[in-house]
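In what follows, a single structure is set out as structure tokens and then discussed.
The values are calculated or read from the model by the stated rules, or taken from the named source; none is laboratory data. Just so we're clear, the structure is a prediction, and the values are computed from it rather than from any experiment. Using ideal geometry, Cβ is built from the backbone for each residue, glycine included, and neighbour counts are taken over all protein chains shown. Ligands, DNA and RNA are excluded from the accessible area calculation, which covers all protein heavy atoms including side chains. Shrake-Rupley method; radii C 1.70, N 1.55, O 1.52, S 1.80 Å.
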Amino acid sequence: MKTLLLHLLLSTSALATGAAPSPVVIAHRGASGYLPEHTLPSVAYAHALGADYLEQDIVLSKDRVPLVLHDIEIDTVTDVATRFPGRQRANGHFYAIDFTLAEIRQLRAHERCDPKTGRPVYPRRFPIGQSTFAVPTLEEELQFIQGLNRSTGRDTGIYPEIKAPAWHRAQGHDISAIVLEVLARYGYRTKADNFYLQCFDFAEVQRLRRELGFQGKIVQLVGRYGAGENEQAATDDARDNSDLLAPARLAEVARYADGIGPSLAHLVAVDATGHAQPNDVVARAHALGLVVHPYTFRTDALPKFSSDARALLSLLFGELRVDGIFADQPDVVRAYRQGYSR
Ligand code: CA
């Protein structure tokens, strides 16, 4: 009874002070382990599973409407190739920016597939072609999340990522300015507001601060990314900004960003037997006042150095001491956190 009271008191005071549990659970593209990524059902499910933040990847349509989609190319997660045959570019890919919102509305979204084989990237997930899903706009999704926050009494945060800003500028559109305007309109402006903005492009992160006057929290993403930042994209346009984790560069990042989003592999040194030991990245980031939110926890696609999901969570929580985790299965991380904090 005493323990229960204490627990109640503690949880009430945590609520009162708004102290976030740690590490925070970031639903990666919604509850993408269970439903097609970035669809509103996936967002609703992640909200219901108790994620602390819901992630949005953002690209633009032809008429400059911010859409929640992971890639600038849309053939891996929609039926665009059958609905709009012949509208691909010379490289064979269909791009969101070549379609108006009215056209995007006609697409059916589905589980991510390999465009070459048509097979699902994660074979045990939601079946491709089953049920009906659509591509949401950023505004629709923000309304959806804020509606759920209201009806459930929760305050689930958002975690939008500006995709391929340089590429969008080359197509004639300033995606960052467009996204910031929508975010501000929905109350996401300052560090007191419950959100992080994320981007791979460090030049754009600097521009967000210096030129666009962005006042909210920013996470600098670190790792390999392409023009379209597509994990499955051809390597010809792929880049890697892992050098940002070097001491001098990380200090530079800390002048603009509030945190870093490295890949899991960036945070460990793997020995000859395949055993992972924390390297000094998290400690150096923390010394600079940066939070560390690595990507991506997937129970069905574990990193090579991890034997099972619990071992990986034990490493993340106990040894790496990260501040947040991007997860395709946010409930698994949350359940582990609940057990861990007791
Ligand atoms: Ca992302």
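Residues in segment 318-329 that are outside any strand (DSSP E or B) and within 14 Å of the ligand (Cβ to nearest atom): Asp328 only.
Among residues of segment 152-167 that are more than 17 Å from Ser42 (Cβ to Cβ), those with a beta-carbon under 8 Å from a residue that is open to solvent by 50 Å² or more (accessible area, probe 1.4 Å) at least six positions away or on a different chain give the pairs Ala166/Ala203. Going by the structure shown, is Leu313 more than 16 Å from the ligand (Cβ to nearest atom), under 24 Å from Glu37 (Cα atoms) and open to solvent by less than 60 Å² (accessible area, probe 1.4 Å)? Here the answer is yes, as Leu313 does meet what is asked. Of the residues in segment 186-200, not one is part of a helix (DSSP H, G or I) and either more than 16 Å from the ligand (Cβ to nearest atom) or crowded, with 23+ Cβ neighbours inside 10 Å (or both). Those strands (runs of 3 or more DSSP E) of segment 20-121 in which 1 or more residues are touching a Gly at 6+ places or on another chain (Cβ under 8 Å) and at pLDDT 95 or above occupy 24-27, 53-60.
For segment 122-146, a residue qualifies if it is touching a strand residue (DSSP E or B) at 6+ places or on another chain (Cβ under 7 Å) and either surrounded by fewer than 15 Cβ atoms within 10 Å (Cβ to Cβ) or at pLDDT below 95 (or both), and exactly one does: Ile128.
Evaluated against (1) closer than 30 Å to Phe214 by Cβ; (2) within 16 Å of the ligand (Cβ to nearest atom), Ala301 falls short on exactly one condition, (1). Specify the residue that is least open to solvent (accessible area, probe 1.4 Å); the eligible residues are those in segment 238-284 that are free of Cβ contacts under 8 Å to residues at least 12 places away in the same chain and part of a loop (DSSP other than H, G, I, E, B). The extreme case among them is Ala246. Taking the criterion of being within 16 Å of the ligand (Cβ to nearest atom) and surrounded by fewer than 20 Cβ atoms within 10 Å (Cβ to Cβ), would at least one residue in segment 106-121 satisfy it? Yes: one or more hits. Residues in segment 23-42 that are of a type outside the set (S, T, N, Q) and either within 11 Å of the ligand (Cβ to nearest atom) or within 12 Å of the chain's Cα centre (by Cα) (or both): Val25, Ile26, Ala27, His28, Arg29, Gly30, Ala31, Glu37, His38. What about Ile97, is it over 30 Å from Ala238 (Cα atoms) and among the aliphatic types (A, V, I, L, M)? The answer is no for Ile97.
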